[in-house]
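What follows is a set of notes on a single structure, which appears directly below.
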Amino acid sequence: MDSFIIQGGRPLEGEIEISGSKNAVLPILAATLLTKEPCVIRRVPNLSDVHFMGKILQSLGASFTYEQGVVTVQARRLKARGDYDLIRKMRGSICILGPLLARSGKASVSMPGGCVIGTRPIDLHLKGLRALGAAITIKEGYVHAKADALLGSEVFLGGRVGPTVLGTANIMMAATLCEGVTVIESAACEPEITDLAQFLVAMGAKIQGAGSPRMVITGVKQLHGAEHEVIPDRIEAATYAMAAAATGGEVTLHHMRCDHLAAVLDKLKEAGVRLEARGSSLKILAGGTIKAVDVSTQPYTGYPTDAQAQLMALMLKAEGLSIITERIFESRFMHANELARLGADIAIEGPSAIIRGGLPLSGAEVMASDLRASAALVIAGLMCPGRTQVNRIYHLDRGYESMDKKLRGLGARVKRTQGR
Ligand code: EPZ
């Protein structure tokens, strides 16, 4: 398994380009199952999750090619079942359930199971599909869905901590081919949902209210092929902004959407980071001291849970106590123990982490556990003087395109080693 070797303690300087959004492109790739015509998706990041989704689509009978960020995919004919082994291995593949059911009247997808950040239930996905008339059974770890005809309906999709992003995507995609009108109350408002809606509308779907808690989808008989450019990855942008701030550097991020990151940029400003937004570029100037901040993760437009670990790494540099409360997932502080190996003092009190910043840090060997926790360890390694080795960086390859190359482009001393 590969590792990153980081010689930290230097400010990041320079400019990089933000890649297309992982969390936008995965449901968009699933949406291509809704038509037998070819689709072309541009600015697709070169990530292991993207290639995995491509393999899943191919296992369902679709053709899939990836050439320099452009995906061409066509699900001319669909097999009844995909390669379970593949589907079981990637949680995000749950979003093929809705389109498969809508296109072929039946779908079998492995229960995603939990992961290190939480149990990851799909009860709201199933509630929504049942509301559209699907018969759902769960057998031997798989969800089997069947529906002779899907009928539009009104469904409340809010869960115990608010909306579900991929649950909204699943119901939205199924509803595009339903008979009649579907209303989703408490729909997720994330930019990735709005991007998916734009792609579906380009395919001929009728959707109003995407990006708002109430979405109305009027079913159509069939959808046609379409072309689409994926939105920039707001979490990748947040990650590099935190890295720039944590190393006291001066970095410009190009091809990003500042309007997708209002909560994160607001917190960075509160922490004393100077930001200059100009069109689709953002300059981070972090010469001064970093102030401690408090934050609770929330559904969009609140502070994103996917940028929580990265902020914790930044707060290691802040003077005083900061409090980060994780309201979306039940165990998303795996990075705290690993950060402690670098000298961090972080106390976990229920859903909150209390970070005592400003302590001396030094490089160490640490273990990545999930995608965003790994990013936090890289940020901390860039900040700490000395050598930090981040192991199991396959987690990073799932969601960050060429991270070591981009960091070297900012003057970081980081190299990837082939692991044992
Ligand atoms: C998406 O996951 C993202 N993944 C996650 O990003 C992100 O953290 C999450 O949304 C929240 O923003 C992709 O888009 C591929 P949810 P998703 O359903 O849709 C509960 C990353 O690092 N819930 O919005 O699976 C659930 O337990 C990843 O890029 C139910 O209770 O998340 C959680 O507490 C990690 N029942 C909350 O809702 C359900 O049926 C939000 O989950 C579904 C979810």
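The values are calculated or read from the model by the stated rules, or taken from the named source; none is laboratory data. Worth saying up front: this structure is predicted, and the values here are computed from it rather than measured. For neighbour counting, all protein chains shown are included, and Cβ atoms are generated from backbone atoms with ideal geometry for every residue, glycine included. In case anyone asks, the SASA skips ligands and DNA or RNA and just uses the protein heavy atoms, side chains included. Shrake-Rupley method; radii C 1.70, N 1.55, O 1.52, S 1.80 Å.
Can you name the residue in the stretch 39-70 that is outside any helix (DSSP H, G or I) and under 19 Å from the mean Cα position of the chain (by Cα) and is also surrounded by the most Cβ atoms within 10 Å (Cβ to Cβ) among such residues? Break it down into steps so the answer makes sense when it comes.
Taking the stretch 39-70 as the starting set, the residues that turn out to be outside any helix (DSSP H, G or I) are 39-47, 60-70.
If we keep only those that are under 19 Å from the mean Cα position of the chain (by Cα) too, we end up with 41-47, 69.
Details: Ile41: 25, Arg42: 13, Arg43: 20, Val44: 29, Pro45: 22, Asn46: 14, Leu47: 22, Gly69: 17.
The extreme case among them is Val44.
Determine whether the stretch 57-71 contains at least one residue that is under 30 Å from Gly279 (Cα atoms), within 16 Å of the ligand (Cβ to nearest atom) and hydroxyl-bearing (Ser, Thr, Tyr). Explain how you work it out, then say what you get.
In the first step, residues of the stretch 57-71 are kept if they are under 30 Å from Gly279 (Cα atoms); the result is 66-71.
Now narrow it down to the ones that are within 16 Å of the ligand (Cβ to nearest atom): none.
Checked the stretch 57-71: no residue is under 30 Å from Gly279 (Cα atoms), within 16 Å of the ligand (Cβ to nearest atom) and hydroxyl-bearing (Ser, Thr, Tyr).
Using the structure shown, decide if Arg91 is within 12 Å of the ligand (Cβ to nearest atom), on the phi > 0 side of the Ramachandran plot and touching a residue at least 12 places away in the same chain (Cβ under 8 Å). Step through it out loud before you land on a result.
Working: within 12 Å of the ligand (Cβ to nearest atom): yes; on the phi > 0 side of the Ramachandran plot: no; touching a residue at least 12 places away in the same chain (Cβ under 8 Å): yes.
Considered against the rule, which asks whether it is within 12 Å of the ligand (Cβ to nearest atom), on the phi > 0 side of the Ramachandran plot and touching a residue at least 12 places away in the same chain (Cβ under 8 Å), Arg91 comes out as no.
Filtering the stretch 251-266 down to residues that are closer than 24 Å to Gly409 by Cα and of a type in the set (A, V, I, L, M, F, W, C), which residue is farthest from the chain's Cα centre (by Cα)? Steps first, answer last, please.
So the first thing to find is which residues in the stretch 251-266 are closer than 24 Å to Gly409 by Cα, and the list is 251-258, 261, 264-265.
So of that shortlist, the ones also of a type in the set (A, V, I, L, M, F, W, C) come out as 251, 253, 256, 258, 261, 264-265.
Values: Val251: 23, Leu253: 19, Met256: 15, Cys258: 17, Leu261: 13, Val264: 15, Leu265: 18 Å.
Selected residue: Val251.
Among the residues of the stretch 354-389, what is the count of those that are crowded, with 24+ Cβ neighbours inside 10 Å, basic (Lys, Arg) and away from the ligand (no atom under 16 Å from the Cβ)?
0
Can you tell me which of Ala102, Ala75 is among the hydrophobic types (A, V, I, L, M, F, W, C), at pLDDT 90 or above and open to solvent by 10 Å² or more (accessible area, probe 1.4 Å)?
Working: Ala75 fails: open to solvent by 10 Å² or more (accessible area, probe 1.4 Å).
The conditions single out Ala102.
Can you go through Thr182, Thr176, Thr168 and tell me which one is open to solvent by less than 20 Å² (accessible area, probe 1.4 Å), within 26 Å of Thr325 (Cβ to Cβ) and among the β-branched types (Val, Ile, Thr)? Show your work before the answer.
On the way: Thr182 fails: within 26 Å of Thr325 (Cβ to Cβ); Thr176 fails: within 26 Å of Thr325 (Cβ to Cβ).
Answer to the check: Thr168.
Can you tell me which residue is farthest from Arg43 (Cα to Cα) among those in the stretch 192-238 that are assigned to a helix (DSSP H, G or I) and open to solvent by 20 Å² or more (accessible area, probe 1.4 Å)?
Kept after step one, since they are assigned to a helix (DSSP H, G or I), are these residues of the stretch 192-238: 192-202, 234-238.
Retained after the next criterion (residues that are open to solvent by 20 Å² or more (accessible area, probe 1.4 Å)): 194, 198, 201-202, 234.
On the way: Thr194: 16, Gln198: 15, Val201: 19, Ala202: 17, Arg234: 14 Å.
Per the stated criteria, the residue is Val201.
Considering only residues that are farther than 30 Å from Met334 by Cβ and of a type in the set (Val, Ile, Thr), look in the stretch 105-137 and name the one that is least open to solvent (accessible area, probe 1.4 Å).
Ile136
Could you please give the count of residues in the stretch 137-162 that are within 13 Å of the ligand (Cβ to nearest atom) and out of contact with any strand residue (DSSP E or B) (no Cβ under 9 Å at 6 or more places or on another chain)?
Going through the stretch 137-162 one residue at a time, the tally reaches 4.
With respect to Gly381, is the statement that it is over 22 Å from Gly118 (Cα atoms), outside any loop (DSSP other than H, G, I, E, B), assigned by TED's automatic domain parsing to the domain that holds Met334 and over 21 Å from the mean Cα position of the chain (by Cα) true? Walk me through how you get there before you give the answer.
Numbers: over 22 Å from Gly118 (Cα atoms): yes; outside any loop (DSSP other than H, G, I, E, B): yes; assigned by TED's automatic domain parsing to the domain that holds Met334: yes; over 21 Å from the mean Cα position of the chain (by Cα): yes.
So Gly381 passes the test.
Read through the list (1) touching a helix residue (DSSP H, G or I) at 6+ places or on another chain (Cβ under 9 Å); (2) within 13 Å of the ligand (Cβ to nearest atom); (3) closer than 24 Å to Asp370 by Cα, then give the number of the only condition that Pro121 fails.
(1)
For the stretch 333-353, state whether one or more residues are part of a loop (DSSP other than H, G, I, E, B), closer than 22 Å to Leu410 by Cα and within 16 Å of the ligand (Cβ to nearest atom).
no
Take Glu338 and tell me if it is at pLDDT below 95 and at negative phi. Give the derivation first.
Numbers: at pLDDT below 95: no; at negative phi: yes.
No; evaluated as a whole, the condition is false for this residue.
Name the residue that is surrounded by the most Cβ atoms within 10 Å (Cβ to Cβ), counting only residues in the stretch 286-317 that are in contact with an Asp or Glu (Cβ under 8 Å, 6 or more places away or on another chain) and modelled with pLDDT under 95.
Only one residue fits best here, namely Ala286.
In the stretch 135-162, which residues are in contact (Cβ under 8 Å) with a residue 40 or more places away in the chain, more than 27 Å from the chain's Cα centre (by Cα) and assigned to a strand (DSSP E or B)?
Selection gives Lys146 alone.
Here is a check on your reading of the model: is Leu166 within 22 Å of Lys106 (Cβ to Cβ), out of contact with any strand residue (DSSP E or B) (no Cβ under 6 Å at 6 or more places or on another chain) and part of a helix (DSSP H, G or I)?
Here the answer is yes, as Leu166 does meet what is asked.
Out of the stretch 265-285, which residues are polar (S, T, N, Q) and either exposed (fewer than 15 other Cβ atoms within 10 Å of the Cβ) or in a helix (DSSP H, G or I) (or both)?
Once the filter is applied, which keeps residues that are polar (S, T, N, Q) and either exposed (fewer than 15 other Cβ atoms within 10 Å of the Cβ) or in a helix (DSSP H, G or I) (or both), the stretch 265-285 yields only Ser280.
Select, from Ala262, Ala245, the only residue that is surrounded by fewer than 22 Cβ atoms within 10 Å (Cβ to Cβ) and aliphatic (A, V, I, L, M).
The unique qualifying residue is Ala262.
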